[in-house]
Amino acid sequence: MRTPPLASGAEGPDALRPLLDTVLGALADGGHARGGPLPAGGPETVAQRIRAAAGDFLPDKGDDNALYDLVRALAEGAADPAHPHCAAHLHCPPLAVATAADLAASALNPSLDSWDQAPAASELEALVTRTLAAEIYGGARASEQTPAVAPRRRTEPPKQGDALVTTGGTEANQLALLLARETHPGVRLVHGANAHHSLPRAAWLLGLPEPVVVPAPAGTLDPAALDEALTELPGPRGSLLVAATAGTTDAGLIDPLPQIAALCAAHGTRLHVDAAYGGGLLFSARHRTQLAGLEHADTVTLDLHKLGWQPVAAGLLTVKNPSDLAALAHQADYLNADDDTEAGLPDLLGRSLRTTRRADILKIAVTLKTLGRHGLGALVDQVCAHAHEFARLVRTHPGFELHDPPTISTVLFRPAGASDDAVAAVRRKLLHDGRAVLGRAHLDGRLWLKVTLLNPHTRPDDLAALLKLVEGNLPS
Ligand SMILES: Cc1ncc(COP(=O)(O)O)c(C=O)c1O
């Protein structure tokens with residue numbers, strides 16, 4: 001058997017070209033065969049189809065059709081976030097340009113654990129992460145700082161704002177808690193009842209004390225209850241970490257950040273803001289004012305595979321005080337030997353807890369530069385406008401109840417007078433039939449249907465059709 005061609009090197013592009021044709025053909029054929037947002041028939045039907053397409057996964061003799069067959073099967077069995085009726089989760093349709101850039105990251109395969117595996121990618125990452133940190137904390141744009149990669153012991157880290165690339169919001173939240181723990185050993189997390197589950201889970205992972213949960217009766221963290229908790233909790237100043245949310249998972253609500261930041265300042269408490277969802281509003285001149293106060297946070301979770309149209313993974317943790325990152329400094333002689341660092345080779349190991357690390361920054365860099373602030377802001381504005389339009393359709397329909405006007409691009413609604421069981425059943429029926437992917441959320445003691453609109457190409461007709469689908473599939 002011929003040795004299979006490689007993706008990089010002088011012959012890589014020529015080897016990839018025909019394979020890409022195969023992949024693109026299989027994506028088109030599989031998507032066409034599916035015909036909707038989700039494969040019809042439920043888990044067993046999808047599983048059977050995948051088993052049939054795959055056959056023996058490790059045959060003695062290889063199969064030249066595997067690329068086409070498996071990509072087609074995956075596409076046919078996919079939940080397609082580009083379909084306007086696939087709107088359950090913070091699961092965005094990736095931009096074509098970002099996906100194309102991601103192919104280059106796969107082909108070149110830089111690994112960001114040492115400079116000699118990622119000479120250009122490491123510089124790109126340093127520049128882009130600082131640009132994103134400057135979006136929150138202000139300060140010099142990355143291009144004005146030299147050198148961007150700050151080799152250990154040779155150059156001071158940036159004075160204000162830095163960011164680490166993560167696999168998503170969960171890893172960013174974990175790192176935020178880790179940095180807080182390294183600043184104040186034994187730090188205790190205080191979070192709203194509306195916080196993402198990854199925060200208390202990170203506290204568990206890091207062996208921190210049981211978190212304090214502050215009520216969020218209206219879906220956002222209640223500042224009066226937070227003040228009370230910060231006043232009454234025992235321990236020295238600085239022994240608590242408050243985590244607020246900008247863009248809750250269930251309803252897309254934003255905690256009152258200026259008030260929370262003021263309380264944290266008054267109580268000497270560190271502040272983390274999980275802006276995995278809402279962080280995308282930074283790109284929109286119209287909506288970024290909703291994030292006022294974010295600049296006071298010691299750490300902020302961003303997640304551009306939500307409101308940033310990136311293929312997974314594209315998370316970030318920004319840090320206000322770059323010296324906090326010293327806690328992650330780590331040495332492994334084969335990657336960042338002291339004498340190499342002294343001689344000027346950038347030390348990358350302290351930029352993550354991972355070792356081998358893909359160049360997820362490339363697709364982000366390409367997207368930011370291709371669309372610019374206005375282009376990205378326009379996408380944000382579009383999906384927020386879709387949410388308002390959908391909310392209007394719900395509000396003016398006598399058969400539906402709207403939870404609240406949307407804050408970002410999430411709308412909660414339910415059939416008027418329906419039981420929770422009926423709400424759950426209509427969602428499952430639409431999933432089973434492959435007609436629509438809706439989310440669900442318990443709020444105010446009732447179960448609601450959730451649409452999270454992240455597709456900028458969605459049209460008003462699609463939204464009206466989605467509501468009709470729910471209406472037409474209610475249990476009798
Ligand atoms: C508010 C919030 N934070 C964090 C996360 C976790 O992000 P990821 O799934 O990228 O780890 C989510 C996921 O939906 C989220 O909604």
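The values are calculated or read from the model by the stated rules, or taken from the named source; none is laboratory data. These numbers come from a predicted model, not from an experiment. For neighbour counting, all protein chains shown are included, and Cβ atoms are generated from backbone atoms with ideal geometry for every residue, glycine included. Calculation scope for accessible area: heavy atoms of the full protein, side chains included, ligands and nucleic acids excluded. Shrake-Rupley method; radii C 1.70, N 1.55, O 1.52, S 1.80 Å.
Points worth noting:
- In this structure, R358 does not qualify as touching a Gly at 6+ places or on another chain (Cβ under 8 Å) and of a type in the set (D, E, K, R).
- Residue satisfying all of: in the stretch 357-408; free of Cβ contacts under 8 Å to residues at least 24 places away in the same chain and assigned to a loop (DSSP other than H, G, I, E, B); farthest from S111 (Cα to Cα) among these: P398
- Taking the listed residues A176, A180, A195, the one that is within 25 Å of the chain's Cα centre (by Cα), more than 16 Å from the ligand (Cβ to nearest atom) and touching a residue at least 40 places away in the same chain (Cβ under 8 Å) is A180, with no other qualifying.
- Residues that are under 20 Å from D250 (Cα atoms) and not basic (K, R), drawn from the stretch 192-211: G192, A193, N194, A195, H196, H197, S198, L199, P200, A202
- Index of the failed condition, A53 passing every other in (1) under 29 Å from the mean Cα position of the chain (by Cα); (2) open to solvent by 30 Å² or more (accessible area, probe 1.4 Å); (3) among the aliphatic types (A, V, I, L, M): (1)
- Subset tally (residues that are in a loop (DSSP other than H, G, I, E, B) and charged (D, E, K, R)) for the stretch 182-200: 0
- The stretch 23-44, subset farther than 15 Å from Y68 by Cβ and surrounded by 14 or more Cβ atoms within 10 Å (Cβ to Cβ), residue farthest from the chain's Cα centre (by Cα): G41
- Tally of residues being among the polar types (S, T, N, Q) and touching a helix residue (DSSP H, G or I) at 6+ places or on another chain (Cβ under 9 Å) across the stretch 201-248: 3
- Residue in the stretch 369-393 that is nearest to L466 (Cα to Cα), counting only those that are in contact with a helix residue (DSSP H, G or I) (Cβ under 7 Å, 6 or more places away or on another chain) and surrounded by fewer than 22 Cβ atoms within 10 Å (Cβ to Cβ): L393
Yes/no matrix, rows are residues, columns are (1) touching a Cys at 6+ places or on another chain (Cβ under 8 Å); (2) open to solvent by less than 10 Å² (accessible area, probe 1.4 Å); (3) more than 12 Å from the ligand (Cβ to nearest atom):
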{"position": "A275", "(1), (2), (3)": "no, yes, no"}
{"position": "G278", "(1), (2), (3)": "no, yes, no"}
{"position": "S284", "(1), (2), (3)": "yes, yes, yes"}
{"position": "A292", "(1), (2), (3)": "no, no, yes"}
{"position": "T299", "(1), (2), (3)": "no, yes, yes"}
{"position": "L304", "(1), (2), (3)": "no, no, no"}
{"position": "L307", "(1), (2), (3)": "yes, yes, no"}
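- Candidate set: the stretch 99-145, residues that are modelled with pLDDT under 95 and part of a helix (DSSP H, G or I); chosen: the one most open to solvent (accessible area, probe 1.4 Å): E144
- When residues of the stretch 73-117 are limited to those that are over 19 Å from the mean Cα position of the chain (by Cα) and acidic (D, E), the one farthest from D340 (Cα to Cα): E76
- The conditions of being away from the ligand (no atom under 16 Å from the Cβ), open to solvent by 10 Å² or more (accessible area, probe 1.4 Å) and assigned by TED's automatic domain parsing to the domain that holds I136 are not met by R201.
- Only one of the listed residues (L376, L302) is of a type outside the set (D, E) and either over 19 Å from the mean Cα position of the chain (by Cα) or under 30 Å from H267 (Cβ atoms) (or both). That residue is L302.
- Residue satisfying all of: in the stretch 76-87; surrounded by fewer than 21 Cβ atoms within 10 Å (Cβ to Cβ) and aliphatic (A, V, I, L, M); nearest to the ligand (Cβ to nearest atom) among these: A79
- Selection status of A418, in a helix (DSSP H, G or I) and either outside the structural domain of E125 (by TED's automatic domain parsing) or in contact with a Phe, Trp or Tyr (Cβ under 9 Å, 6 or more places away or on another chain) (or both): no
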